[in-house]
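The values are calculated or read from the model by the stated rules, or taken from the named source; none is laboratory data. As the structure is a prediction and not an experimental result, all values here were calculated from the model. Quick reminder, even Gly has a Cβ in these numbers, built from the backbone with ideal geometry, and neighbours come from all protein chains shown. For accessibility, only protein heavy atoms count, side chains too; no ligands or nucleic acids. Shrake-Rupley method; radii C 1.70, N 1.55, O 1.52, S 1.80 Å.
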Amino acid sequence: MKNARTCSVLIALSLIFLFASSVIADDVVVLTEDNFDKEVGQDRDALVEFYAPWCGHCKKLAPEYEKLGSSFKKAKNVLIGKVDCDSHKSVCSKYGVSGYPTIQWFPKGSLEPKNLTLKCCLCPGTNVKIAAIPSNVVVLTADNFDKVVLDETKDVLVEFYAPWCGHCKALAPIYEKVATAFKLEEDVVIANLDADNYKDLGGKYGVSGYPTLKFFPKSNKAGEDYDGGRDLDDFVNFINEKCGTSRDGKGQYTSKAGIVASLDELVKEFVSAGNEEKKAVFARIEEEVEKLEGSTARYGKIYLKTSKNFMEKGADYAKNEIQRLERILEKSVSPAKADEFTLKKNILSTFA
């Protein structure tokens, strides 16, 4: 199967040389953050170039890649697409693009590229890489199952699957999105086990059909059956409820992230209090923050710092800082930085 796919890519790329006539620039499908999942991963194979407009090798490749797009323009089973990584950094980051041009091959029905590398005959001295992004799903085996799943510091969702199972194959791209959405949550693990290969482990946890999903929270390592829906939002809502996280389907923090109910009540008093009274409420905020543990302790420090700045810089501080953070978030920032700024914005909103 792998050789067949490799041959498909090689044949497709070789067709570049068979079309020397001029082509229309839009014969290659322009992919963006909004339409990538709608165009790729459907009922057709897809060849996608990740490029940068300023890249010299990309410019050399462009006319030939357009010819390839023209040759497959009317083909219903093949998509030739491209992504401008300067304009759509989140897509390129998702697929592990670190150099230009990078070309990835997506088999039909899959948003997981296949790991292939071809020597670029159009750009001597360079490599065009067709590379797969590493999966965010933790692969379990008999050797690491207990270490990962029974770790009492982690909440773990496990899919028990069989490679030949049609429902498992249909779930795979959704499950990958779930893992990607929570990849920055250190206490949350999204994992799977080939229970057809490790039948003893499947039997130990009562697996009798595929896929079977079980949740192993920090407090119950016996495992709980997951009986929820199998759409991305179903999984995300389940994880948020069970693990106390606040993520959406794209892995971004929601407006609830970082909010601590006990501190919110004190903030209401703090904001409405007079200058002298503020100092007394601030002392109570300090006391409450000292009681917090885990991730909420981190949020508490942001509450504390915001309270100090509020007293020093005045009532407009929160509003002005929110506007500044919103301007930053409109630009392309790393997922970790986006998390940091969103947490601060959410907590600032309680002061505004």
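Numerical summary
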read-out	value
Within segment 200-219, considering residues that are closer than 20 Å to ALA170 by Cβ and among the polar types (S, T, N, Q), the one surrounded by the most Cβ atoms within 10 Å (Cβ to Cβ)	THR212
Sole residue being surrounded by fewer than 16 Cβ atoms within 10 Å (Cβ to Cβ) and farther than 30 Å from SER87 by Cα, chosen from GLU326, GLU330, GLU287	GLU287
Among (1) in contact with a helix residue (DSSP H, G or I) (Cβ under 9 Å, 6 or more places away or on another chain); (2) within 29 Å of LYS250 (Cβ to Cβ); (3) open to solvent by 40 Å² or more (accessible area, probe 1.4 Å), the one test that VAL97 misses	(3)
Selection from segment 132-179 of residues that are in a helix (DSSP H, G or I), under 20 Å from the mean Cα position of the chain (by Cα), farther than 18 Å from SER208 by Cα and of a type in the set (D, E, K, R)	GLU176, LYS177
Qualifying residue in segment 297-306 (condition: touching a residue at least 24 places away in the same chain (Cβ under 8 Å), assigned to a helix (DSSP H, G or I) and in contact with a Gly (Cβ under 8 Å, 6 or more places away or on another chain))	yes
So LYS2, is it of a type outside the set (Ser, Thr, Tyr), buried (at least 17 other Cβ atoms within 10 Å of the Cβ) and either modelled with pLDDT of 90 or more or within 30 Å of the chain's Cα centre (by Cα) (or both)	no
Residue ID - farthest from the chain's Cα centre (by Cα), chosen from residues in segment 322-352 that are charged (D, E, K, R) and within 15 Å of ASN309 (Cβ to Cβ)	ARG324
Conditions (1) out of contact with any helix residue (DSSP H, G or I) (no Cβ under 8 Å at 6 or more places or on another chain); (2) surrounded by fewer than 18 Cβ atoms within 10 Å (Cβ to Cβ); number of the one not met by ALA273	(1)
Residues of segment 180-231 classified as in a helix (DSSP H, G or I) and within 14 Å of LEU157 (Cα to Cα), total	2
Selected residue (only one of SER87, SER98, SER93 is within 27 Å of LEU329 (Cβ to Cβ), part of a loop (DSSP other than H, G, I, E, B), of a type outside the set (A, V, I, L, M, F, W, C) and in contact (Cβ under 8 Å) with a residue 12 or more places away in the chain)	SER87
